[in-house]
Amino acid sequence: MALKIKDIAKMANVSVATVSRVLNNSDKVSLETKNKIIKIIQKYDYKPDRIATSLRSKKTGIYAVIFSVKGGKVLEDTYSTKFLKGVLNYFSSKGLKLIVDIHENGNVAEYYSNTIKSKIVDGFILLDIRKNDERVDLLNKEKFPYVVIGRNDENNFVYIDSDNVAGAYMAIKHLKQIKCKKILYISGNMGIPVSEQRLAGVKSAQKDLGVEVDVEFGDFDEEKTVEILKSILKKGFEYDGIFCASDIMAYAAMKFLRGLNIEVPIVGYDNIPLSEFVGLSTIDQNIIKIGYSAAQAVDNIANGKDTISMVVPSKLIKRQSTLSFIQKHI
């Protein structure tokens, strides 16, 4: 017969509630009592009944990340894989589970509402935050646990974000330091918070450092990046530095221009594994830490713990896509 919580309580000469607190890693149990209960659990290799625990606590120990992109793109996007690695690092250490889902079409608020009603998940991690995001309005109204990756103008939620303004500033400053005077900045999508924050960093650096920067919107897309460069080349390519709002766009630019024997310093954003392989200078926003911190935050919120927002510092990673030009100036 399988061991039950009441059996452990009897062996340890404590209440069932005390055993339950230990299983839930509560601080409200003395160290001596906690150790005594843990020894019994280990001796008899006790495994909690997840279903029974969920029924008692009304929690499933399951959280959800929902991507608003085509399904295959999630697996191809190395930002997403690094982010999910951070999320899973936390959840696996706590015995929690993650649902990764895709929402491509239809009413997004209705989709989240139906998921809440299903009582499958204890909370959400929201990606691709936008201005006046209807998901935020819904989740605040329902008082349902969630954390947001990124910020918008309202910020009426707990968020985990990278310092996009500082990261973009560092990229322009680095190009200035290697003697770039006219820089092309290929931004992400127009009007979304992350693009606006990085553009703000670019403009701040432009003002402070006295460099000329032209802005084009590449929508975080490789093909659109190449189309932008083709259009510029028809008029004559006068830029001596390029900064792209993602490594994927930066690599597309590097590959295209090198095919035309045009060498120009390029900086990307994200520090995905490809960037190290091709020697791309980039801004590392510590994606794994962002994912880990988001998972920890939503778990804390779901369990009624005080949780504050966090901005994760970015850093510049210098590689040959810019360092080779420093060597040429020597």
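Quick look at the numbers
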{"read-out": "Dipole-positive endmost among Ile38, Ser324, Ile99 within the chain (Cβ charges, Cα centre)", "value": "Ile38"}
{"read-out": "Cα-Cα separations in region 96-150 greater than 13 Å, expressed as whole percent", "value": "61"}
{"read-out": "Segment Lys94-Val215, length gained on full extension (0.36 nm per residue, minus Cα span)", "value": "39.1 nm"}
{"read-out": "Highest-first arrangement of 246-257, 271-282, where packing means the average Cβ count within 10 Å", "value": "246-257, 271-282"}
{"read-out": "Globularity index of region 174-272, i.e. its alpha-carbon radius of gyration over 2.2 N^0.38 Å", "value": "0.99"}
{"read-out": "For the chain, calculated [θ]222 nm from helices alone, where every DSSP H run of n ≥ 4 adds -39500 (n - 2.57)", "value": "-15500 deg cm²/dmol"}
{"read-out": "For q = 0.11 Å⁻¹, Debye-computed log10 I/I(0) when each Cα of region 112-251 counts as one equal scatterer", "value": "-0.51"}
{"read-out": "Principal-axis tilt of helix 193-209 within the chain, Cα atoms, nearest 10 degrees", "value": "50"}
{"read-out": "Spin-label pair Lys39/Lys143, simplified geometry with 7 Å Cα→Cβ offset, distance in nm", "value": "4.3"}
{"read-out": "FRET efficiency, Val108 to Ser309 (Cβ-Cβ, R0 30 Å, nearest 0.05)", "value": "0.85"}
{"read-out": "0 to 90° range, to nearest 10: angle between helix 320-329 axis and the chain longest Cα axis", "value": "40"}
{"read-out": "Most positive-pole-ward Cα, Ala295, Val278, Val264, against dipole of region 249-327 from beta carbon charges", "value": "Val264"}
{"read-out": "Part-to-part distance (alpha-carbon centres) for region 175-193 and region 95-142, which is given in Å", "value": "33"}
{"read-out": "Share of carbon and sulfur in the accessible heavy-atom surface of the chain [1.4 Å probe, %]", "value": "51"}
{"read-out": "Förster-model FRET efficiency, 45 Å R0, Val278 and Ala17, C-beta, rounded to 0.05", "value": "0.20"}
{"read-out": "Whole-number D in µm²/s for the chain (Stokes-Einstein; Kirkwood sum over Cα pairs; 10 °C, 1.306 mPa s)", "value": "71"}
{"read-out": "Fluctuation leader among Phe237, Phe144, Phe124 - the chain, Gaussian network, Cα springs under 10 angstrom", "value": "Phe237"}
{"read-out": "The chain: relative contact order as a whole-number percent, Cα under 8 Å and 6+ apart", "value": "18"}
{"read-out": "Cα-based shape type of region 76-120, given that a ≥ b ≥ c are square roots of the gyration tensor eigenvalues and the cut on a/c is 1.5", "value": "oblate"}
{"read-out": "Solvent-accessible area per residue for region 175-280 (1.4 angstrom probe, square angstrom)", "value": "46"}
{"read-out": "Nitroxide proxy distance, nm - points 7 Å out along Cα→Cβ at Leu31 and Glu134", "value": "5.4"}
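The values are calculated or read from the model by the stated rules, or taken from the named source; none is laboratory data. Everything numeric in this text was worked out from a predicted model, so none of it was measured. Heads up, the Cβs are rebuilt from the backbone with ideal geometry, glycines too, and the neighbour counts pull from every protein chain shown. Surface areas here come from the heavy atoms of the whole protein model, side chains and all, with no ligands, DNA or RNA. Shrake-Rupley method; radii C 1.70, N 1.55, O 1.52, S 1.80 Å.
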